[in-house]
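The values are calculated or read from the model by the stated rules, or taken from the named source; none is laboratory data. Because the structure is a prediction, the values reported are computed rather than measured. In this analysis, Cβ positions are derived from the backbone assuming ideal geometry, glycine residues included, and neighbour counts consider all displayed protein chains.
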Amino acid sequence: MRSMDKIWQIKQRAIQANSDCKNDEFFCSSNRKCISKMQLCDGERQCPGGEDEELDTCDALGLCAFKCEGYYGKAMCVRERWLCDDTPDCLNKEDESIAVCEQHRRCVV
Ligand SMILES: [Ca+2]
Ligand SMILES: [Ca+2]
């Protein structure tokens, strides 16, 4: 595990300890509410500030198969199953590009 991930997890744990969130919940700091961890990095913003879709968060959880410029004007995390699914998730459709898909398939096969 990279040290950044560790720091993030410790930070999350500290936040969680100070909130009423359960172990399987994520704390949205923007509205101080808990959401299910299942809703982390699912492409939908449950936290008003979008913390549940932040690159750092998703990356620390190991959910990023690919990173690119997203629709919210910042870097986004593309999940494995969103790569080459014929639906552009990146602003510049990078996740559906031939180069990326070829590399992706080589990894999967
Ligand atoms: Ca979400
Ligand atoms: Ca896609």
task: Please work out if Asp20 is acidic (Asp, Glu) and either under 17 Å from Ala75 (Cβ atoms) or surrounded by 12 or more Cβ atoms within 10 Å (Cβ to Cβ) (or both).
output: no
field: Selected residue (only one of Cys58, Cys47, Cys34, Cys28 is at pLDDT 90 or above and within 16 Å of ligand 2 (Cβ to nearest atom))
entry: Cys58
Failed item, numbered, when Gly70 is tested on (1) more than 16 Å from ligand 1 (Cβ to nearest atom); (2) in the same structural domain as Asn92 (by TED's automatic domain parsing): (1)
query: Are any of the residues in segment 40-49 surrounded by 16 or more Cβ atoms within 10 Å (Cβ to Cβ), assigned by TED's automatic domain parsing to the domain that holds Ile10 and under 18 Å from Gln9 (Cα atoms)?
result: yes
statement: If we ask which residues in segment 78-103 are closer than 18 Å to Cys41 by Cβ and either aliphatic (A, V, I, L, M) or at pLDDT below 90 (or both), their number turns out to be 3
- request: For Glu80, indicate whether it is away from ligand 1 (no atom under 13 Å from the Cβ), of a type in the set (D, E, K, R), in contact (Cβ under 8 Å) with a residue 24 or more places away in the chain and over 20 Å from Ile7 (Cβ atoms).
  value: no
- prompt: Quick check: is even one residue across segment 94-101 surrounded by fewer than 14 Cβ atoms within 10 Å (Cβ to Cβ) and at positive phi?
  reply: no
message: Just the residues that are more than 9 Å from ligand 1 (Cβ to nearest atom) and out of contact with any helix residue (DSSP H, G or I) (no Cβ under 7 Å at 6 or more places or on another chain), please, taken from segment 39-60.
response: Pro48, Gly49, Glu54, Leu55, Cys58, Asp59
